[in-house]
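Comments concern the structure below.
The values are calculated or read from the model by the stated rules, or taken from the named source; none is laboratory data. Nothing here was measured: the structure is a model prediction, and the numbers come from that model. Here Cβ is always computed from backbone atoms with ideal geometry, including for glycine, and neighbour counts include all displayed protein chains. Remember, those area values only see protein heavy atoms, side chains included, never the ligands or the DNA or RNA. Shrake-Rupley method; radii C 1.70, N 1.55, O 1.52, S 1.80 Å.
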Amino acid sequence: MKKQWWHDKVAYQIYPKSFCDSNGDGIGDIPGIISKLDYLKELGVDIVWISPMYKSPLADQGYDISDYYSIDPRFGTMEDMERLIMEAKRRDMYILMDLVVNHCSDEHEWFQKAVQDPDGKYGNFFYIRDRKEGEPLPCNWRSYFGGPVWEPLPGHPDKQYLHVFHKKQPDLNWENPEVREEVYKNIRWWMEKGLGGFRIDAIINIKKKLPFSDYPADRDDGLSYIGNMLEEAQGIGDFLGEMQEKAFRPYQAFTVGEVFNAKEEEIKNFIGDDGYFSSMFDFAGTCYGKSGKGWYDSRKYLTPDEYKSCIFQTQRKIGDMGMISNIIENHDEPRGVCHYIRPEDLCEASKKLLAGVYFLLKGLPFIYQGQEIGMENMKFTSRDEIDDISTLDEYQVALDAGKSEEEALEMASAFSRDNARTPMQWDAGENAGFTTGTPWLHVNPNYTSINVAAQKDDEDSVLSFYKKLARLRKNPVYKDTLVYGECIPYLEEEENLIAYERAGEKRLLILANLQKDSKTVALPAPAEEVLLNNLKIVNFTDETRQEIALAPYQFVVVEIL
Ligand code: GLC
């Protein structure tokens, strides 16, 4: 793997609507982000990915863009954005925007023009097909947010358009070179402003299997999961390679793709030395236990051994081919501590343990806002508390499958995207210090105990532990090993133990005992130094320091000979 400037960095994701509100309108904004740059710097963050802030009706919270060249006034102005980029640069930090180009908003000028004249230039920017009453749809794919992907074109009962997400997110026709050129032009325009690069949204969907055709129905609605079509769609590499060449490479942009389905033989193309992207996220844990029937039928949390199998599977697959990006949560997922830790094991120590396990894997660690203080899922008690369109769909799917309202709410508490979207908990004051107004989404009631102010001066807090992790990763003595060293699973069969070695210039052993009982572990070589520990003491049980009795939920990093 060729070394790159971003390999030894630490990244952070901001969900702007919920991060920090500077003007009291209940919605986070760019000046709010600027005011927290020093906080992020102190945490050890170098790269900041911000979810979309472009002009948008916010039907999918900004992932429905109506103008790629402007900032939504709710988030601030273009001047604010330019100031943010500059303020980040002053701190040696890089800003990533979200590139949402599988679709735009139905309020985008292109779609408006397509509606006016479906047979004109802009009609071909989208997938528009004829529609006749009583005739089947062009295909039976189910949109990710529920229902068929086809929607009648407004004002044209004889036409319909394709949307793989919400109907307010019409898919752009990537087969049309004019669309692609518009996308590249936009990327270059933003790169000229001094961006570090982009996180690339939903990108696997840009290549459709054409002509449209049906796939076997997999639910009672007669529709078929889009993934079935994506499996068969060939040729996405042509688009991605072109985008890399025309838009990213000239700027050496850092790019991280939201790629769910890369096959083993494609990894090199995606994130190898000359890959389409710099990196992509590891979603093995995200996908584990998800049922085709819906969230109601999915695994609410993983056991330590299941989680372990996910991370090691990815580490083995990627090897030295490229640099994966490691996460335990993002704005589409429940809180990592509630998903990768069994409820009976959830405590301060296990939160730090999980942090340590994923952060020190080979790859670029991304921290999602609030993760660094151990924010947890919401407890939903009524449907009215749900904002997210995807959760509302899954709620209905659960009811239709015969689940009670209570069960459907339990499902929302375990999976809703709102879990990650509740406002950032800055302090124990009103609205968790997020806003002086009325927050757009309810604050998690646990903010009085889980917040930044309570943790920032406490050496033993989750927040301080994240800082220690970032410092360790950047420590000149260990950096090369932690960034480039091989990741070798250790005692993989041992129940509830997650252990691996990072082997490079140094040998570092990462040990995590994710259970309520202690566990004695033999080391492959005598321990030299303990570099990190989430509890007070480390109990070596022999004189040669080749055996450790790990306390419940203990996490240690030891340098071995
Ligand atoms: C991605 C985003 C998600 C959004 C979807 C449609 O998966 O992360 O939040 O709803 O794409 O843009």
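Calculate one ³J(HN,Hα) per residue across region 390-399 by plugging θ = phi - 60° into the Karplus curve 6.51 cos²θ - 1.76 cosθ + 1.60, and present them in order as whole Hz with x for glycine and proline.
These are the phi-based 3J(HN,Hα) values: 5, 5, 4, 5, 4, 4, 5, 4, 5, 4 Hz.
Please list, in order, the residues from region 1-38 whose amide nitrogen is less than 15 Å from a point placed 7 Å along the Cα→Cβ vector of ARG90.
31-38
Using only Cα atoms, what is the ratio of the radius of gyration of region 405-561 to 2.2 N^0.38 Å? Mind dumping the intermediate values first?
Working: Rg = 19.9 Å, N = 157, 2.2 N^0.38 = 15.0 Å.
The value comes to 1.32.
Once you have the Cα-Cα distance between GLU493 and ASP273, take 0.36 nm times their residue separation minus that, and quote the gain in nm to one decimal.
Details: separation 220, 0.36 × 220 = 79.20 nm, distance 3.33 nm.
Residue separation times 0.36 nm, minus the Cα-Cα distance, leaves 75.9 nm.
For GLU407 and ASP218, compute 0.36 nm times the residue count separating them, minus their Cα-Cα distance, and round to one decimal in nm. If you can, show how the numbers build up before the last one.
On the way: separation 189, 0.36 × 189 = 68.04 nm, distance 2.25 nm.
Stretched fully, the GLU407-ASP218 segment lengthens by 65.8 nm.
For the chain, take the longest principal axis of its alpha carbons; what is the angle in degrees between that and the long axis of helix 78-90, to the nearest 10 within 0 to 90?
Result, in degrees: 20.
Normalised by the number of residues in the chain, what is the relative contact order in percent for Cα pairs under 8 Å and 6+ residues apart? Numbers along the way, then the final one.
Numbers: 1151 pairs, mean separation 72.6, N = 561.
About 13 percent, as a whole number.
Under the rule of at least 5 residues apart or a separate chain, name every residue whose amide H is placed under 5 Å from the amide H of GLU547.
Those lying under 5 Å, H to H, from GLU547 are LEU523, THR541, ASP542.
Points 7 angstrom from Cα along the Cβ direction at ASP119 and LYS41: gap in nanometres?
Taking the simple label geometry, ASP119 and LYS41 are separated by 6.0 nm.
In what sequence, highest mean first, do 278-288, 438-448 appear when ranked by Cβ atoms within 10 angstrom?
On the way: 278-288: 21.0, 438-448: 17.5.
Per-residue mean Cβ counts within 10 Å order the peptides as 278-288, 438-448.
What nm value, rounded to one decimal, do you get for the distance between ASP332 and ASP8 when each label is placed 7 Å out toward the C-beta?
About 3.2 nm, to one decimal.
Going highest first, how would you order 49-60, 15-26 by mean Cβ packing within 10 Å? Could the numbers behind the result be given before it?
Details: 49-60: 22.3, 15-26: 20.5.
Sorting 49-60, 15-26 by mean packing, highest first, produces 49-60, 15-26.
How big is the charge dipole of region 157-245 about its Cα centre, in debye rounded to the nearest 20, if each Lys and Arg gets +1 on its Cβ and each Asp and Glu gets -1 on its Cβ?
Numbers: 12 positive and 17 negative charges, 78 e Å.
Charge dipole, region 157-245, about its Cα centre: 380 debye, nearest 20.
Could you name the lysines whose alpha carbon sits less than 21 Å from that of LYS403, not counting residues in the same chain fewer than 8 places away?
Correct list for LYS403: LYS290, LYS293, LYS300, LYS379.
Rounded to the nearest percent, how much of the accessible area of the chain (1.4 Å probe, protein heavy atoms only) is carbon and sulfur? Please report the intermediate quantities before stating the final value.
On the way: 9960 of 21420 Å².
For the chain, the apolar C and S fraction of the accessible surface comes to 47 percent.
Pick out, from LEU99, MET81, VAL10, the residue whose Cα sits farthest towards the positive end of the charge dipole of region 9-122, with +1 on the Cβ of Lys and Arg and -1 on the Cβ of Asp and Glu.
VAL10
Could you point to the residue in PHE465, VAL538, ALA428 farthest towards the positive end of region 425-561's charge dipole, with +1 and -1 charges on the Cβ of Lys/Arg and Asp/Glu respectively?
Selected residue: ALA428.
Can you tell me the FRET efficiency between GLU486 and ASN261 if r is taken as the Cβ-Cβ distance and R0 is 25 Å, rounded to the nearest 0.05? Intermediate values should be presented prior to the final figure.
Working: r = 26 Å, r/R0 = 1.04.
The pair GLU486/ASN261 has a calculated efficiency of 0.45.
Please give, to one decimal in nm, the separation of the simple spin-label points placed at ASP130 and ASP427, each 7 Å out from Cα toward the Cβ.
The answer from the label model is 6.6 nm.
Report the calculated FRET efficiency for MET1 and ASP517 (r = Cβ-Cβ distance, R0 = 45 Å), to the nearest 0.05. Show your work: numbers first, answer last.
Values: r = 39 Å, r/R0 = 0.87.
The formula returns an efficiency of 0.70 here.
How would you classify region 214-330 from its alpha-carbon gyration tensor, with a ≥ b ≥ c the square roots of the eigenvalues: rounded for a/c under 1.5, else prolate if a/b is greater than b/c, otherwise oblate? Spell out each step's value before the answer.
Values: a/c = 2.42, a/b = 1.33, b/c = 1.82.
Oblate shape, in that a/c is at least 1.5 and b/c is the bigger or equal ratio.
Mind counting lysine pairs for me in region 147-277? Cα separation below 23 Å, and the two need to be 8 or more apart along the chain or on different chains.
Taking the Cα cut-off of 23 Å, the pair count is 25.
Output ³J(HN,Hα) for region 335-343: one whole-Hz value per residue in order, computed from phi by the Karplus curve 6.51 cos²θ - 1.76 cosθ + 1.60 with θ = phi - 60°, and x for Gly and Pro.
Computed from phi, the couplings for region 335-343 are 5, x, 5, 8, 9, 9, 10, 5, x Hz.
Show the residues, 5+ positions off or on another chain, whose built amide H is closer than 5 Å to the amide H of HIS103.
For HIS103, the qualifying residues are LEU172.
What accessible area per residue comes out for the chain, rounded to a whole number of Å², with a 1.4 Å probe?
Details: 21420 Å² over 561 residues.
About 38 Å² of surface per residue is accessible.
Once you have a ≥ b ≥ c as the square roots of the Cα gyration tensor eigenvalues for region 314-449, tell me rounded if a/c is under 1.5, and otherwise prolate or oblate according to whether a/b is larger than b/c. Could the numbers behind the result be given before it?
Working: a/c = 1.96, a/b = 1.31, b/c = 1.50.
Judged from the Cα gyration tensor, region 314-449 comes out oblate (a/c at least 1.5, b/c at or above a/b).
Translational diffusion coefficient, Stokes-Einstein: compute it for region 21-84 using the Kirkwood radius over C-alpha pairs as Rh, at 10 °C and 1.306 mPa s, and state it as an integer in µm² s⁻¹. Kindly include the intermediate steps, with their values, before the conclusion.
On the way: Rh = 12.4 Å.
Reported coefficient: 128 µm²/s.
Can you compute 3J(HN,Hα) from phi for each residue in region 294-301, using the Karplus curve 6.51 cos²θ - 1.76 cosθ + 1.60 with θ = phi - 60°, rounded to whole Hz and x for Gly and Pro?
These are the phi-based 3J(HN,Hα) values: x, 4, 4, 9, 9, 6, 6, 8 Hz.
Mind checking the full-extension length gain between GLU232 and GLU192? Use 0.36 nm per residue of separation minus the Cα-Cα distance, one decimal, nm.
Details: separation 40, 0.36 × 40 = 14.40 nm, distance 3.66 nm.
In short, 10.7 nm is gained.
Could you state the number of Å between the C-alpha centres of region 86-143 and region 170-247?
Centre-to-centre distance over Cα atoms comes out at 10 Å.
Kindly express, to the nearest 10 degrees and within the range 0 to 90, the angle between helix 405-415's C-alpha long axis and the longest C-alpha principal axis of the chain.
Approximately 70 degrees, to the nearest 10.
Would you work out the charge dipole size for region 80-144 about its Cα centre, treating the Cβ of every Lys and Arg as +1 and the Cβ of every Asp and Glu as -1, and quote it to the nearest 20 debye?
On the way: 10 positive and 13 negative charges, 49 e Å.
Roughly 240 debye, rounded to the nearest 20.
Under a 5 Å amide H to amide H cut-off, with H placed in plane at 1.01 Å, what residues pair with SER325 once short-range neighbours are removed?
Placed amide hydrogens put MET280, PHE281, ASP282, LEU364 under 5 Å from SER325.
Determine the dipole magnitude for the chain: charges of +1 sit on the beta-carbon of Lys and Arg, -1 on that of Asp and Glu, nothing else is charged, the reference point is the Cα centre, and the result goes in debye to the nearest 20.
Working: 65 positive and 95 negative charges, 256 e Å.
Approximately 1220 debye in magnitude.
So what's the angle, to the nearest 10 degrees on a 0 to 90 scale, between helix 304-318 and the longest Cα principal axis of the chain?
Compared with the principal axis, the helix lies near 70 degrees.
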